[in-house]
Amino acid sequence: MSVAVPATSGVAVFGAGARERLTSVVEAALTAAREQGVSTAEAAAQLSQGLAVNVRMGEVETLEQTRDKGLSVTVYFGHRTGSASTTDLSAAAVRDTVRAACTIARYTAEDDCAGLADPDRLARSIPDLDLLHPWNPPVERAISLAHECEAAALAFDARITNSEGASLSSHEGVEVYANTHGFVGTSAGTRHRLSAAVIAQNDGGMQQDYWSTVSRRPDGLEQPTAVGEHAARRALQRLGARKLSTRRAPVVYEAPAAASLLSHFIGAIRGESLYRGASFLLDHLGRAVFPPHVRIHEQPHLKAALGSASFDGEGVATAPRDLVCEGVLQGYVLDSYSARKLKMQTTGNAGGVHNLTIEPGKLSLQELLKTMGTGLFVTELIGFGVNVVTGDYSRGASGFWVENGEIAYPVEEITIAGNLRDMYRGLVAIGNDVDMRGNIRTGSILIGAVTIAGS
Amino acid sequence: MIYYIDNAPRGAPTILVGSTLVLATTTPIMDATPTRRPRKTVDTGTNLIEQARQSLLEPAGLGEVELTRLMDKLLTGQVDYADLYFQYSRHESWSLEEGQVKSGAHSIESGVGVRACAGEKSGFAYSDDVILPALLEAAGAARAIAAQGGNARVPTQWRASDGLQLYRPVDPLASLPDQEKVAVLERIERAARAQDPRVKQVMAGLAAVHEIVLVVRSDGTLAADVRPLVRVGVTVIVESNGRRESGSAGGGGRFTYRELIEGDTVLEHAREAVRQALVNLEAADAPAGTMPVVLGPGWPGILLHEAIGHGLEGDFNRKGTSAFAGRLGQKVAASDVTVVDDGTLAGRRGSLNIDDEGTPTQRTVLIENGILTGYMQDLLNARLMNVAPTGNGRRESYACLPMPRMTNTYMLAGNRDPQEIIASVDRGLYAVNFGGGQVDITSGKFVFSASEAYLIENGRVTRPVKGATLIGNGPDVLTRVTMVGNDLKLDSGIGTCGKDGQSIPVGVGQPTLKIDGLTVGGTQA
């Protein structure tokens with residue numbers, strides 16, 4: 001019945017030839033830069049290709065073939081810098097792009113923090129992190145998987161009346177980064193995703209929800225029927241949602257929503273936010289931000305994980321490290337520029353964090369809800385109401401009202417508000433239901449108290 | 001599932017504060033009244049096509065013969081409709097912080113999107129190599145969709161179609177010498193610092209896009225546009241007694257840097273950003289609960305974009321996934337509420353001479369005196385719903401499929417004095433500035449986040465309160481509009497709308513208006 005996702009991988013579209021081509025493009029860019037008289041320069045070139053299909057109400061809706069390439073160049077004349085990029089990798093376009101970057105550098109100001117990463121921080125070895133698992137499903141195969149996924153959702157319950165469709169996508173990319181310190185690094189990876197978004201309807205109205213599975217390996221995807229049924233279940237559970245009256249209450253963030261709490265945390269300890277004074281966590285290094293049971297760490301070398309990388313966007317070697325240990329902030333998220341601004345060392349985070357993980361606790365989601373007792377279980381957040389300068393937090397939410405550890409009814413059209421500083425300090429427990437589908441890995445999170453605004 | 005608008009600059013990374021989306025201005029920096037120019041003469045369209053031909057086709061060695069050959073390949077299957085979208089765009093950004101312009105970036109993108117439609121299906125491929133063999137390959141991939149469908153014929157003749165003439169076909173990047181761009185940012189910085197000693201950090205950015213597009217359709221239509229777009233933004237951090245706050249302002253539109261900096265409006269953005277930040281230094285915790293809300297004019301019109309705009313896009317209504325599906329002719333707003341989507345306003349950020357499918361933009365009345373009167377359509381959804389396209393088919397680039405999207409969405413003025421509206425509220429919120437908003441089109445629930453707001457007590461604006469998210473239900477929020485002001489204003493040209501991962505520039509606007517009962521997501525229960 002079920003269409004099995006293949007256990008074997010396909011052949012990489014971008015083989016040695018593509019890597020050689022990209023390497024010669026970045027080398028041509030660095031040579032052109034030297035000819036322009038730069039002190040130092042860096043360049044990155046990428047190729048990517050993929051397929052995306054969407055099947056809606058049993059019919060193919062869209063079929064998209066994607067194929068992208070690009071080059072970006074940054075040049076330094078002493079401490080003045082300029083950047084340029086292009087989608088054209090021809091020799092002439094490479095030279096023009098370097099010239100455009102040099103033109104910009106003529107007008108930018110001296111900034112003694114600007115420059116390449118320090119040579120001794122560049123990655124010396126590039127371990128294979130098992131990120132490349134090409135699939136290249138034939139179009140018919142991609143369609144049949146999406147079809148099966150949507151069909152499972154539509155068949156799940158008579159109240160699943162409509163659909164935005166099920167999508168299957170598969171992408172492969174390769175990038176070469178090089179700089180005039182002599183570093184040349186190649187990274188290649190794949191990303192496959194299957195998702196369904198369906199609509200449940202009753203007399204009270206319509207509700208839409210979705211589910212997705214994503215992996216670097218084709219055989220790492222959940223079964224299509226499981227994804228479809230999960231999407232259907234989520235949409236059905238939302239039917240009959242009501243507003244709550246305004247109150248204060250504890251809240252459990254379901255794991256996918258909890259990832260946003262960690263993303264705000266990263267936003268506040270990024271070098272850019274810190275040196276600009278635009279963070280509520282200025283000067284918090286060595287201070288308690290979370291309760292003592294919390295550990296947050298980066299795992300850049302996890303095999304086949306979505307956020308893995310052996311070097312960052314500047315060629316700096318990545319390494320596992322603790323950001324928060326026993327609740328205390330151990331380190332910031334820095335690239336070379338922001339590190340110099342702060343008179344610190346880069347943490348290998350040019351381009352972001354890698355597999356940020358909050359160490360899961362022992363409680364299952366059910367036990368976490370029991371621990372909360374009566375409060376809000378948030379499954380979706382909308383809006384942009386987070387101010388990283390002040391920590392003020394106010395977002396639209398939907399989910400469930402929980403009484404004595406049991407889900408009582410779905411809720412919507414409410415907001416949750418507080419200050420992130422208090423919310424982090426009030427983090428009661430982390431579930432063991434870790435969501436591994438992204439670069440932030442967390443279980444569901446119980447927060448002591450927030451303000452819920454409703455009717 | 002969730003569609004948003006915000007005022008964060010794209011492609012100019014430096015004026016974002018952390019991951020927070022920066023705040024906005026309601027300062028009128030351009031004409032406050034929507035203006036419209038007459039539809040233009042045949043010449044314009046033809047000249048634009050000539051310019052597009054020279055920029056896009058000639059360097060690739062493509063002429064009418066090659067276009068016909070491509071279309072022939074695309075229409076080999078049973079295809080109802082097909083198009084080619086040629087695009088060349090150049091983007092630049094300059095950013096200042098700590099008193100100096102420390103970085104700048106320049107990018108060039110060019111490519112061709114190739115689409116074939118059969119029934120409800122779309123096949124799509126693109127190439128960033130604008131050469132015939134690559135385009136033939138893309139055409140082969142795109143038409144793979146069409147196992148069924150109609151029988152479009154290869155056009156025997158290409159016909160130039162005219163668009164509007166809402167902006168000049170100029171290259172804004174070349175409109176100002178680079179050293180003057182740097183000087184403008186330095187002046188903004190000085191103006192902000194001169195405003196108040198509590199200003200600790202000033203971040204400012206300038207960005208421009210020059211875009212040339214050519215649409216080649218299977219019905220033989222050729223349509224072209226040359227689109228300038230500029231934007232300036234400034235964010236400040238202020239500090240007093242250990243408390244820090246931020247404020248942001250900006251503006252832009254489809255014109256050149258010269259017009260952007262005319263009359264020192266850019267310095268007003270600097271002062272506005274500082275003013276907002278200082279107001280926020282004094283702000284108390286925001287209230288929580290449902291209460292009357294008075295929205296200021298201009299950018300707070302993101303209410304309309306979220307509460308009704310996305311829900312009235314043709315795709316969601318054809319599929320029946322919008323909370324507004326099947327509600328044409330029904331009352332969805334108070335009787336004095338009229339809302340339009342208008343792509344024909346001269347020089348506006350959300351305006352277009354033609355949409356990205358070659359259809360001239362228009363003024364579409366969405367809600368007239370409270371009654372739902374129209375949806376926004378692209379070609380595919382218009383054909384499937386058997387209605388006329390409305391010039392709302394837009395795409396982020398050649399690498400994306402077009403969809404029904406908004407242009408400039410605003411509510412027409414009413415007849416109330418804004419002061420009278422405020423005076424009518426015993427206890428409520430007066431929100432004049434917003435960050436971004438988001439909507440779930442199926443449930444109709446939407447949010448937008450205030451960044452500058454005040455309490456109204458006994459008919460008077462009393463003290464500032466912190467930013468808070470407002471949440472409501474799209475299909476009924478406008479039925480609770482009880483007063484519409486006479487002070488229609490459009491935003492200053494800062495909005496970016498996201499849908500299915502595609503970002504496009506849009507505009508919003510509204511007069512001051514009062515909503516009797518909207519949920520305010522503060523912390524003071």
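The values are calculated or read from the model by the stated rules, or taken from the named source; none is laboratory data. The structure displayed is predicted, hence computed values, not measured ones. Positions of Cβ are backbone-derived with ideal geometry, glycine not excepted, and every protein chain shown enters the neighbour counts. SASA here: full protein model, heavy atoms, side chains in, ligands and nucleic acids out. Shrake-Rupley method; radii C 1.70, N 1.55, O 1.52, S 1.80 Å.
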Accessible surface buried upon A-B contact (total; probe 1.4 Å; Å², nearest 100): 6200
How compact is the protein assembly as shown by the rule of thumb for globular proteins, expressed as Cα Rg over 2.2 N^0.38 Å? 0.89
Helix-only CD estimate at 222 nm, as mean residue ellipticity for the protein assembly as shown, using -39500 (n - 2.57) per DSSP H run (n ≥ 4): -6500 deg cm²/dmol
Can you list the residues of the stretch B:435-466 that have at least 20 square angstrom less accessible area with all protein chains present than in their chain by itself, probe 1.4 Å? B:438, B:440, B:442, B:443, B:445, B:447, B:449, B:466
Carbon and sulfur atoms account, in whole percent of the 1.4 Å probe accessible area of chain A, for 50
What is the mean number of Cβ atoms from other protein chains located within 10 Å of the Cβ atom of each residue in peptide A:101-112, rounded to a whole number? 5
Reduced to Cα centres, the span from the stretch B:165-214 to the stretch B:410-426 in Å works out to 34
Set A:341/B:200; B:445/B:499; B:181/B:489; B:319/B:499; A:243/B:331; A:243/B:445 screened for pairs whose C-alpha atoms are more than 19 Å apart: B:181/B:489; A:243/B:331
Per residue solvent-accessible surface (Å²) - the protein assembly as shown, probe of 1.4 Å: 33
Students sometimes get this wrong: rank B:400, A:149 by accessible area, probe 1.4 Å, all chains present, largest first. B:400, A:149
Taking the Cα centre of the stretch B:342-499 as the origin, how large is its charge dipole in debye, to the nearest 20, when only Lys and Arg (+1) and Asp and Glu (-1) carry charge on their Cβ atoms? 220
Show which lysines lie in cross-link reach of residue A:303 when reach means a straight Cα distance below 28 angstrom and same-chain residues fewer than eight apart are skipped. A:69, A:362
What is the distance in Å between the Cα centres of the stretch A:384-455 and the stretch A:35-65? 34
Which whole number gives the average count of other chain Cβ atoms within 10 Å of the Cβ atoms across peptide B:117-130? 5
Which helices of chain B meet both criteria: a Cα extent of 20 Å or more along the helical axis and a mean Kyte-Doolittle score no lower than -0.5, with helices taken as whole DSSP H segments? B:265-281
Expressed to one decimal in nm², the mean projection of the alpha carbon convex hull of the stretch A:259-339 is 5.7
Share of accessible surface on carbon and sulfur in the stretch B:50-160, whole %, 1.4 Å probe and ligands ignored, is 45
Averaged over peptide B:93-106, how many Cβ atoms belonging to another chain are found within 10 Å of each residue's Cβ? 6
Share of alpha-carbon pairs per 10 Å distance bin for the stretch B:78-146, given as whole %: 20, 33, 20, 14, 11, 3, 0
Let's see if you can work this out: charge +1 on each Lys and Arg Cβ, -1 on each Asp and Glu Cβ, no other charges. What is the dipole magnitude of the protein assembly as shown about its Cα centre, in debye to the nearest 20? 860
